[in-house]
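Note sheet for the following structure.
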Amino acid sequence: MIEMKDVYMTYQNGVVALNGISVTINQGEFVYIVGHSGAGKSTFTKLMFREELPMKGTIVVNNKDVTQLKWKDVPYFRRNIGVVYQDFRLLPRLTVYENIAFALEVIEESPKNIRKRVMTVLDQVGLKNKARFIPDELSGGEQQRVAIARAIVNRPSLLIADEPTGNLDPDTSWEIMHILEEINASGTTVVMATHSKEIVNTVRKRVIAMEDGMIVRDEHRGEYGYEI
Ligand code: ADP
Ligand code: ADP
């Protein structure tokens, strides 16, 4: 569960990114975050995995107050959260397999378990036959599937996707969306910031709309609500 109360966040340059956010997201929900560029969507998601700290307010994720986490406890806390970005962010010199295994090697899993987990998630995203490829040899959609596999390999309870289809054509975007839905169906909370009106208005889920660092709309089975 994610619970934010009266959260304010200002960047060092003085830009107010979040201006009083209070929201609860329950375990297992699928939530779209919509709103124009600069509305605060990315900042909102960054606070959930302690990528940024708020100036004011409380943020409880999986029963931990993120704002009170000690630095040494941040990596452990983040193991339970997967993050996917618009630009994939794969390590270019590593194979698909290695990109995913890396996330497990840093937590000292046994080689046997690593192999099993990596092949399981590759199967889940339909890329078992591309394990030995490097990112450059894959299409954008395939690279995003690798990024998703990497994000879920630790079985996180929360998956954050910041414009996961922003660099993809419509057909490929739908493939990615269906993978995110399957991950959600297995119990993982999914928080997806998106500009895809088509996806939001077709696959109806909770919609949180942001403007000027505030939540201006929060609807169960909501609509995109903006022209683009
Ligand atoms: P969105 O994801 O909706 O586009 P962001 O959360 O990225 O919105 O940005 C909210 C506001 O904070 C914008 O005005 C943006 O320019 C500003 N901002 C975002 N990241 C930074 C940063 N690292 N430093 C300074 N300002 C930032
Ligand atoms: P940079 O210097 O741009 O951060 P890195 O080589 O450190 O480049 O990482 C490239 C990308 O790979 C990062 O943007 C990050 O998202 C991802 N990455 C790095 N380390 C890990 C990791 N342990 N687990 C998952 N993803 C990682």
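Whole angstrom only: what separates the Cα centroid of the stretch 41-71 from the Cα centroid of the stretch 148-200?
21
When the Cα atoms of the chain are enclosed in a convex hull and the volume is divided per residue, what value in Å³ results?
126
Tell me which chymotrypsin sites (Phe, Trp or Tyr not before Pro) from the stretch 93-142 have a DSSP coil assignment and no more than 10 other beta carbons within 10 Å of their own.
none
Helix 170-185 versus the longest principal axis of the chain: what angle, 0 to 90°, nearest 10, using Cα atoms?
Approximately 80 degrees, to the nearest ten.
Of THR189, THR45, THR202, which is the most mobile in a GNM of the chain whose springs link Cα atoms less than 10 angstrom apart?
Residue with maximal mean-square fluctuation among THR189, THR45, THR202: THR202.
So how strong a dipole does the chain carry about its Cα centre when Lys and Arg Cβ are +1 and Asp and Glu Cβ are -1, to the nearest 20 debye?
Dipole size: approximately 880 debye.
Can you give the convex hull volume per residue for the Cα atoms of the stretch 1-72, as a whole number of Å³?
So the per-residue Cα hull volume is 90 Å³.
Please find the FRET efficiency linking ALA131 to ALA185, where r is the Cβ-Cβ separation and R0 is fixed at 25 Å, and quote it to the nearest 0.05.
Taking R0 as 25 Å, the efficiency between ALA131 and ALA185 is 0.50.
Gain in length, MET214 to GLN68, computed as 0.36 nm per residue apart minus the alpha-carbon separation, to one decimal in nm?
Taking MET214 through GLN68 to full extension adds about 50.2 nm, to one decimal.
Taking the stretch 120-166, which trypsin sites (Lys or Arg not before Pro) meet the DSSP loop condition and have no more than 10 other C-beta atoms within 10 Å?
ARG132
Can you list which of the GluC sites (Glu not before Pro) found in the stretch 132-228 are DSSP loop residues with at most 12 other C-beta atoms within 10 Å?
GLU227
What fraction of the DSSP beta bridges in the chain is antiparallel, stated in percent and rounded to the nearest 5?
50
Quick note: the coordinates plus some simple rules give every number you see, no bench work behind them. Model, not experiment: these values are computed from the prediction. Quick reminder, even Gly has a Cβ in these numbers, built from the backbone with ideal geometry, and neighbours come from all protein chains shown.
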